[in-house]
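Trainee: Structure below; questions to follow.
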Amino acid sequence: FTGQLTDVTEQKRVEEQLRIAQTAGGVGTFEHTDGFGTVEVSEQFCHLLGLQPTDSLPVRTINALVREGDPPVIQVSDGARGEGYSQLRVRRADDGGERWLARRGEHRTDGELGGRFIGVIYDITASKVAEAKLLELTRTLEDKVEERTRERDRIWNRARDLFFIVSLDRTYLSINPAWSDVLGYSEADVVGKDSAAFLHPDDAANSDERAAWVRQGKAIENLDLRLRAKDGSYRWINWTIIPEGDFCYGMGRDVTDRKELEEQLRQSQKMEAVGQLTGGLAHDFNNMLTGIIGGMDMAQRRIAQGRTEEAASFMDMASAAATRAAALTHR
């Protein structure tokens with residue numbers, strides 16, 4: 001009997017390090033030789049599939065755990081060796097739990113030894129669950145965005161107020177359909193035009209001042225300006241404009257009826273003031289006429305009685321009242 005002893009301590013040390021690394025990293029290794037019905041596997045490989053630790057497993061046993069429709073762990077059919085990266089679902093042999101596994105492998109040809117398929121598997125269930133949650137969150141977010149967009153479009157299209165977007169140089173970029181209802185303009189009539197071109201000439205200075213505010217990032221609220229309608233008339237619009245970045249978003253409400261009522265109220269107040277003034281004048285003037293008439297009446301009586309020296313004082317009283325009346329009329 002003859003033989004040879006070889007020191008494999010270093011080899012065993014490396015194998016142990018590899019086993020620990022595979023276990024800690026959750027990586028199972030396998031090696032399948034072409035034409036064989038069994039596969040050499042690591043302990044971690046068996047653990048990932050819920051099998052008892054062993055050095056070799058039948059190909060059929062391994063692939064039987066893969067969910068139908070997913071690629072097998074070991075591809076043995078001619079012309080399809082399953083190289084590269086793939087994902088698959090397995091139902092563990094011990095507890096029946098479903099897990100996602102990733103497999104990476106490559107086929108090698110070693111001369112007389114034939115072909116071998118060498119690879120690894122590792123668990124990606126956690127990342128798949130996170131991916132599914134992220135997809136669900138994305139779908140939910142997309143649904144919310146879509147619903148918000150529909151709500152915004154409904155408000156934009158059906159609102160009776162004037163909605164618009166303008167650039168900082170006061171060029172209209174977009175308007176809602178209410179512009180046609182209130183002012184008679186189509187989108188083509190307004191978009192691309194300078195907003196100042198539609199203003200009443202008397203409101204231009206006020207508009208220029210507020211435009212400077214907007215360029216400084218200040219919002220405008222409760223600003224009444226007249227806007228020319230397509231038929232040439234002017235409508236009072238109460239504006240709210242909010243700058244954001246390079247654009248301004250605004251809303252205008254037609255307050256022409258309110259302005260007309262306010263003007264009617266001012267005219268009514270003027271008439272009331274004139275009535276109070278004329279009433280007061282009439283009262284004061286009547287008092288002065290009483291002094292004039294009374295003084296003249298008393299003077300006539302004194303003259304008739306021959307008491308002419310007393311008549312002069314009553315005439316002076318009537319003259320003074322007439323002077324006051326003249327002064328009141330002048331005022």
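Trainee: Would you work out the charge dipole size for the stretch 157-198 about its Cα centre, treating the Cβ of every Lys and Arg as +1 and the Cβ of every Asp and Glu as -1, and quote it to the nearest 20 debye? Before the final figure, lay out each step's value.
Mentor: Numbers: 4 positive and 6 negative charges, 20 e Å.
Dipole about the Cα centre, nearest 20: 100 debye.
Trainee: Please list Thr38, Thr109 in order of solvent-accessible area, largest first, computed with a 1.4 Å probe with all protein chains present.
Mentor: Heavy-atom accessible area, descending, gives Thr109, Thr38.
Trainee: With labels modelled as points extended 7 Å from the Cα through the Cβ direction, what inter-label distance (nm, one decimal) is found for Leu134 paired with Val8?
Mentor: Computed distance between label sites Leu134 and Val8 equals 4.4 nm.
Trainee: Here is a further query. What angle do you read, to the nearest 10 degrees and between 0 and 90, between the alpha-carbon axis of helix 204-215 and the longest principal axis of the chain?
Mentor: Rounded to the nearest ten degrees, it is 30.
Trainee: Under 30 Å from the Cα of Lys259, which lysines turn up, not counting those fewer than eight places away in the same chain?
Mentor: Lys193, Lys218, Lys230, Lys270
Trainee: Just checking my list (1) 1.62; (2) 1.01; (3) 1.14 against Rg/Rh (Cα atoms, Kirkwood Rh) computed from this structure; which label fits?
Mentor: (1)
Trainee: Express the accessible area of the chain per residue in Å², computed with a 1.4 Å probe while the remaining protein chains stay in the model.
Mentor: 66 Å²
Trainee: How would the stretch 92-219 be classified by its alpha-carbon gyration tensor: rounded, prolate or oblate, with rounded meaning a/c under 1.5 and the a/b versus b/c comparison settling the rest?
Mentor: prolate
Trainee: Using the Cα gyration tensor of the stretch 224-267, with a ≥ b ≥ c the square roots of its eigenvalues, what is the shape: rounded (a/c below 1.5), prolate (a/b larger than b/c) or oblate (neither)?
Mentor: It is oblate, given that a/c is not under 1.5 and a/b is not larger than b/c.
The values are calculated or read from the model by the stated rules, or taken from the named source; none is laboratory data. Being a predicted model, the structure only gives us computed values, none of them experimental. Methodologically, a virtual Cβ is constructed for each residue, glycine included, from the backbone with ideal geometry; neighbour enumeration extends over all protein chains shown. Heavy atoms of the whole protein, side chains included, go into the accessibility calculation; ligands, DNA and RNA do not. Shrake-Rupley method; radii C 1.70, N 1.55, O 1.52, S 1.80 Å.
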